[in-house]
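Following: one structure in structure tokens, then a few remarks.
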Amino acid sequence: MSLVRFRDNFPTLFDRFFENDWFDLGNRSYSTTNTTLPSVNIKEDKENFEVEVAAPGFCREDFKVELSHDLLTVSSDKKVMNETKDDQQFTRREFSCQSFNRSFTLPNIADSEKIEAKYENGILKIVIPKKDGAKSHPVRQILIE
């Protein structure tokens, strides 16, 4: 017998209250329209930083990538408009505007002049090279005299 009863498919208001991180005032999971923001992966290797934004269903033209000082901003304002014909009636209509805005502060070792972006298979990939002096060098052992 379980002391806690779970209802898998029917979240209550009580459940939703505890899903939110109320103490995280910078919660970036939701936009101002309470829609979820695309998930992001940030990777780093010896040569580059790579930002991957998961945005399936978008086109390359739907994105705007801007750099202002050291702030990289990825945004989109995609409007999905479906015409309704005279003989049609919607029981439920959820197609709407899809917009988001994500910003990332670049570290001072990033070479902002050589940033490249590519959208492929639902992923916007932004490659941010590191400056030459910031690239890691192989480990070498120092001889102790």
Around residue 43: net Lys/Arg minus Asp/Glu count, Cβ-Cβ under 15 Å: -2
Total formal charge among the other residues, if their Cβ is under 11 angstrom from that of residue 119, Lys/Arg +1 and Asp/Glu -1: -1
Going through the cross-link list 43/114; 64/131; 78/114, which pairs have a Cα-Cα distance over 19 Å in this structure? 64/131; 78/114
With label points built 7 Å along Cα→Cβ from the Cα atoms of residue 121 and residue 71, find their separation and express it in nm. 3.4 nm
Quick check: pseudo-label points 7 Å beyond the Cα along Cα→Cβ at residue 61 and residue 114, how many nm apart are they? 3.2 nm
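Every number here is computed from the coordinates shown, using simple stated rules; none is lab data. These figures come from a predicted structure and were not determined experimentally. In this analysis, Cβ positions are derived from the backbone assuming ideal geometry, glycine residues included, and neighbour counts consider all displayed protein chains.
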